[in-house]
Each structure stands twice: as C-alpha cells, then as structure tokens.
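Have a look at the structure below before the remarks.
The values are calculated or read from the model by the stated rules, or taken from the named source; none is laboratory data. Note that the structure is a prediction, hence the values are computed from the model and not measured. Using ideal geometry, Cβ is built from the backbone for each residue, glycine included, and neighbour counts are taken over all protein chains shown. Surface accessibility is based on the protein's heavy atoms, side chains included, excluding ligands, DNA and RNA. Shrake-Rupley method; radii C 1.70, N 1.55, O 1.52, S 1.80 Å.
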Amino acid sequence: MRKLLPIALLAMIVACKKNEDTRTSISYTGKWFISQTVSLQYYINTDGDTVYFRNDTRNYADSTAYLDIKLTGYTTGKAALYLDGYLDSLSYEYMTKEYFKLDSTLCVVQEASDSVFRFNTLVYNGELVPGRVVVTQDYFVADRR
C-alpha cells in the first residue's frame, strides 16, 4: 500500500496538469463581421519622416463584410474573406498567440475576445520606391453579431 500511494499521487498530478498549449484554444476562429478597415502604405524618408502613399478608412454596414476562419487541422485551416463584393478563399495558419498567416500574409492580433477581433496585416515591399522599404498595413476591426 505504501508503495502505491506515491505512484497514485504522481498519476493524479500528471493527469491534472494544466494544458498550456494555446493552440488548442484559438479564440478568434469562426465568423467575424468587419465594421472598419484602415489601409496604410508608407515608407520612412531619409530625414525620419513618414511618407504616406495611402491612408484610407472604410466603414462597412451590417454584415456586408466578414472574415470566417475554420480550422481543418490542429493549427491550420481555411478562411473566407468577403470585402467590397468579392469573396476570397485563403489558407489559414496559426503561428503564435499574437501572429497568424492568411495565405502568405503575416497578420498581427491586436485584440481577441469573445466579441471583438482586431488585427492588422503587415507586408514589406522594396520595389515601389527605389532605396526604400515600403510598408503596407491593413487594419481590421470586427465583431460577432
């Protein structure tokens, strides 16, 4: 009996250990209705100033724009993005709690809760302005309805 007690306690501790793998609790899967997008395209000038090519804000009426993320694997899946009357099918890949990919585009999670999902894309392009790295960012504000 004395030999079984430590083994039983060890088994209970291992069985009750908290799962700290955040991939199993990705909180932003499902359908999100996009209410606003902000599109920025810019580079940093030699004197340190930010030079904008594009700075556009768009607001969307109820249910006219959405992002629907569905897992097909442990950390991968498919996403449907409907914006401006166009439906785009994208691959989804979970990277960390703060980062994921839609196709090959890096996305940064700003806020993810049961009701709000805010994220932005981040793309670097060195071809538009010679000698400068142009940054393109699209910010998305979405909620569940």
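Each row is one residue, and each column tells you yes or no for (1) under 17 Å from L122 (Cα atoms); (2) among the small types (G, A, S).
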residue: I44; (1), (2): yes, no
residue: Y52; (1), (2): yes, no
residue: T57; (1), (2): yes, no
residue: A61; (1), (2): no, yes
residue: T64; (1), (2): no, no
residue: L71; (1), (2): no, no
residue: T75; (1), (2): no, no
residue: Y82; (1), (2): no, no
residue: G85; (1), (2): no, yes
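Restricting the search to strands (runs of 3 or more DSSP E) fully inside the stretch 56-145 and requiring at least 1 residues that are open to solvent by 80 Å² or more (accessible area, probe 1.4 Å) gives 66-71, 76-83, 86-94, 99-102, 105-112, 116-125. Can you say whether K78 is among the charged types (D, E, K, R) and in contact (Cβ under 8 Å) with a residue 40 or more places away in the chain, as far as the supplied structure shows? The answer is no for K78. Whenever a residue of the stretch 39-55 is open to solvent by 50 Å² or more (accessible area, probe 1.4 Å) and at pLDDT 90 or above, its partners that are among the hydrophobic types (A, V, I, L, M, F, W, C) and part of a strand (DSSP E or B), lying with C-beta atoms within less than 9 angstrom and at least six residues away or across chains, give the pairs T50/I44; Y52/L40; R54/L40; N55/V38; N55/L40.
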